[in-house]
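Quick notes on the structure that follows.
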Amino acid sequence: MSELEDTYKHKGLRKQLVLEISKKGVKNSAVLAAIGKIPRHYFFDPIFENHAYEDKAFPIDAGQTISQPYTVAFQSQLLKVQPGDKILEIGTGSGYQACVLVELGAKVYTIEYQKKLYQKAIRFLPKLGYQPHMYQGDGSKGMPRFAPYDGIIVTAGAPTIPEELIEQLKIGGRLVIPVGNNDIQSMVLIEKVSENKIKKKQFNNFSFVPLRGERGWPSKGTK
Ligand code: SAM
């Protein structure tokens, strides 16, 4: 992790990044403000700090990635978070997306499959002043014990949409989930219109690490 120093240079680079994301089509001002506020370089090892304000995904521990900033912004915008919303994130990873959701005023529950990443996030995020509820385990079937949610965001690529996630949404709630094969996915937005009616939209081409667990991809084989 970086020394926790946020210099003028970092702030300048962050402004550039926000501009780049906005040019790519994310216009939600609260989302852009959150990206502009959170020092993304804090989530990087100091030797890789130069990469923190590139609009790219970057490797973290356990073979996983911190998502591309544009993707974080795009998913956050699709969620339409209102202050006070209860949001479930599946795939804590570095914890960066969870911090964005906290900045948007959400009450955040986040679950991570990899123990090492969970342990890192649970120690690190409070140091930055962020306190999402963090859990370790398989989130591919959601977290029914805290349901229903106003929004669910999945930050790993799923083979199909787990029915359980739709069940755990409030009426009017939104699910944002990348679905596809292991190389490329569509971002699917599900709005739960009533108990048994959903609206679905999809946006092309994203590339996430695979969702694991019961509703995810097996660890070996399928590629
Ligand atoms: N949101 C993260 C961030 O801001 O850094 C990006 C996470 S990375 C693209 C996807 C994460 O999903 C990985 O850390 C991976 O271990 C996790 N993951 C994969 N399958 C999961 C599952 N079934 N339950 C919870 N987390 C899972």
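The values are calculated or read from the model by the stated rules, or taken from the named source; none is laboratory data. Note that the coordinates shown come from a computational prediction; the quantities given were computed from them, not determined experimentally. Cβ sites come from the backbone with ideal geometry, for glycine too, and all protein chains shown count toward neighbours. What goes into the accessible areas is simple: the full protein's heavy atoms, side chains included, and nothing from ligands, DNA or RNA. Shrake-Rupley method; radii C 1.70, N 1.55, O 1.52, S 1.80 Å.
Things worth noting here:
- Matching residues, segment 103-129, being hydrophobic (A, V, I, L, M, F, W, C) and either touching a Pro at 6+ places or on another chain (Cβ under 6 Å) or free of Cβ contacts under 8 Å to residues at least 24 places away in the same chain (or both): VAL108, ILE122
- Some residue of segment 180-191 being in a loop (DSSP other than H, G, I, E, B), out of contact with any Lys or Arg (no Cβ under 6 Å at 6 or more places or on another chain) and either of a type in the set (Ser, Thr, Tyr) or crowded, with 20+ Cβ neighbours inside 10 Å (or both): no
- Test: ASP138 is touching a Ser or Thr at 6+ places or on another chain (Cβ under 7 Å), of a type in the set (Asp, Glu) and within 15 Å of the ligand (Cβ to nearest atom): no
- Pairs where the first residue, in segment 190-216, is more than 22 Å from SER76 (Cα to Cα) and the second is more than 16 Å from the ligand (Cβ to nearest atom), C-beta under 8 Å, 6+ apart: SER194/ILE171; GLU195/ILE171
- Any chance LYS56 is open to solvent by 30 Å² or more (accessible area, probe 1.4 Å) and part of a helix (DSSP H, G or I): no
- Check on THR160, touching a Leu at 6+ places or on another chain (Cβ under 8 Å), within 14 Å of the ligand (Cβ to nearest atom) and either assigned to a strand (DSSP E or B) or open to solvent by 20 Å² or more (accessible area, probe 1.4 Å) (or both): no
- Only one entry in LYS192, LYS170, LYS197 is out of contact with any strand residue (DSSP E or B) (no Cβ under 8 Å at 6 or more places or on another chain), modelled with pLDDT of 95 or more and away from the ligand (no atom under 16 Å from the Cβ), namely LYS197.
- Residue that is nearest to GLN168 (Cα to Cα), among those in segment 67-91 that are open to solvent by 30 Å² or more (accessible area, probe 1.4 Å) and not in a helix (DSSP H, G or I): LYS86
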